[in-house]
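Report on the following structure.
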Amino acid sequence: MIVREALQEGCRTLGESGIEAPAVEAGAILCFVKNCDRSFIYAHGEYELNSTEEQMFGELVNLRAKGKPLQYITGFQEFMSLAFEVNPSVLIPRQDTETLVEAVISYVIKTRRMDECAPDGGGCVRILDIGTGSGCIAVSLAHYIKYSCVTAADISEKALQTAMKNAVKNNVADRISFLESDIYSGLDSYRGSFDVIVSNPPYIPSDQIDTLQREVKDHEPVNALDGGDDGLDFYRRIIGGAAEFLKPDGMLALEVGYDQAAAVSKLMETNFCGISINKDLNGIDRVVTGLVKPVLSLEL
Ligand code: GLN
């Protein structure tokens, strides 16, 4: 079979199974099989696939037709213009989450915490990423904030292994430490040490998991999605402990579900001030940030 026929057949199979952009995805799968870029397959329509390539392409197209996300097939997702390895132990990085990373970068620039840092790393901006998953947030922050030291925590060992690979792949492994931890459980020695705590926690209400696209509900790790009865379980735990782990004036930055910004802001009111909400590129309230309130010492 030649490249053009394979693309046509792949496109038909994917289209029939309801995939929205079948030609693009068939092309991506063929590029993966042939380990080439898109321009090669479009410029070489007459190129004959060998039998291994043909068989592999057919199998992967069928997996995609059955709902396996393209990113778990190719093992790749781009995020913040960086390359990330992904697998079914980690959530696939979403573009929405770039809004969260950008909020942290702007805060660090605005507060000039970057300028205060010594190039030897002695005075680095200390960031905690809770539920790091693929490491997309931790790695992007380490990449774009050169004088940062990031602690990337996750309850899943497999996720941490993936995050470590992504740190190595993006040359920031020397500034990220990885920690198996259920929210703050493994962080006892880090009290009062972070300039920023950032998280994209699981936030889908349990009874809505079934309503998600098949790609998400049948393939992505449910422990990275399920936020409990009202979707807010992890916000309560993260917000409840954040003040203890932040430095004075430190920032908490949270990604939220499309209708959760008000509820999460409310949860933050007790211990945080300057609460603000950022929209994602679709105009949806996506990120809530706040600065830890100074502890009032009462001198009578
Ligand atoms: N944004 C993801 C989704 O829509 C959910 C991610 C999360 O729960 N943190 O599927």
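The values are calculated or read from the model by the stated rules, or taken from the named source; none is laboratory data. Predicted, not measured: the structure shown is a model, and the values here were computed from it. Note that each Cβ is placed from the backbone with ideal geometry, even for glycine, and that neighbours are counted across all protein chains shown.
When the helices (runs of 4 or more DSSP H) confined to the range 1-86 are screened for residues that are within 20 Å of GLU220 (Cβ to Cβ), those reaching at least 3 such residues are found at 22-34, 51-65, 70-74. Applying the selection to the range 207-222, what residues are part of a helix (DSSP H, G or I), touching a helix residue (DSSP H, G or I) at 6+ places or on another chain (Cβ under 9 Å) and either modelled with pLDDT under 95 or within 12 Å of the ligand (Cβ to nearest atom) (or both)? Once the filter is applied, which keeps residues that are part of a helix (DSSP H, G or I), touching a helix residue (DSSP H, G or I) at 6+ places or on another chain (Cβ under 9 Å) and either modelled with pLDDT under 95 or within 12 Å of the ligand (Cβ to nearest atom) (or both), the range 207-222 yields ILE209, THR211, GLU215, VAL216, LYS217, VAL222. Among the residues of the range 51-79, write down those that are within 14 Å of MET1 (Cβ to Cβ) and hydrophobic (A, V, I, L, M, F, W, C). Scanning the range 51-79 gives MET56, PHE57, VAL61. Might you check whether a residue that is more than 14 Å from the ligand (Cβ to nearest atom), surrounded by 16 or more Cβ atoms within 10 Å (Cβ to Cβ), closer than 14 Å to GLY241 by Cα and among the polar types (S, T, N, Q) occurs anywhere in the range 170-179? No, the range 170-179 contains no residue that is more than 14 Å from the ligand (Cβ to nearest atom), surrounded by 16 or more Cβ atoms within 10 Å (Cβ to Cβ), closer than 14 Å to GLY241 by Cα and among the polar types (S, T, N, Q). Among the listed residues TYR184, TYR203, identify the single one that is at pLDDT 95 or above, crowded, with 22+ Cβ neighbours inside 10 Å and among the aromatic types (Phe, Trp, Tyr). One residue alone meets the criteria, TYR203. Of all residues in the range 181-200, those that are among the aromatic types (Phe, Trp, Tyr) and assigned to a strand (DSSP E or B) total 1. Residue check: is THR111 at pLDDT 95 or above and either out of contact with any helix residue (DSSP H, G or I) (no Cβ under 9 Å at 6 or more places or on another chain) or buried (at least 20 other Cβ atoms within 10 Å of the Cβ) (or both)? It is false that THR111 is at pLDDT 95 or above and either out of contact with any helix residue (DSSP H, G or I) (no Cβ under 9 Å at 6 or more places or on another chain) or buried (at least 20 other Cβ atoms within 10 Å of the Cβ) (or both). On the stretch given as the range 237-276, residues that are within 16 Å of the ligand (Cβ to nearest atom), surrounded by fewer than 14 Cβ atoms within 10 Å (Cβ to Cβ) and of a type in the set (D, E, K, R) total 1. The numbered conditions (1) buried (at least 20 other Cβ atoms within 10 Å of the Cβ); (2) in contact (Cβ under 8 Å) with a residue 60 or more places away in the chain; (3) within 11 Å of the ligand (Cβ to nearest atom) are all true for ASP195 except (3). State whether one or more residues within the range 116-127 are modelled with pLDDT of 95 or more, of a type in the set (Val, Ile, Thr), in contact with a Leu (Cβ under 9 Å, 6 or more places away or on another chain) and assigned to a helix (DSSP H, G or I). No, the range 116-127 contains no residue that is modelled with pLDDT of 95 or more, of a type in the set (Val, Ile, Thr), in contact with a Leu (Cβ under 9 Å, 6 or more places away or on another chain) and assigned to a helix (DSSP H, G or I).
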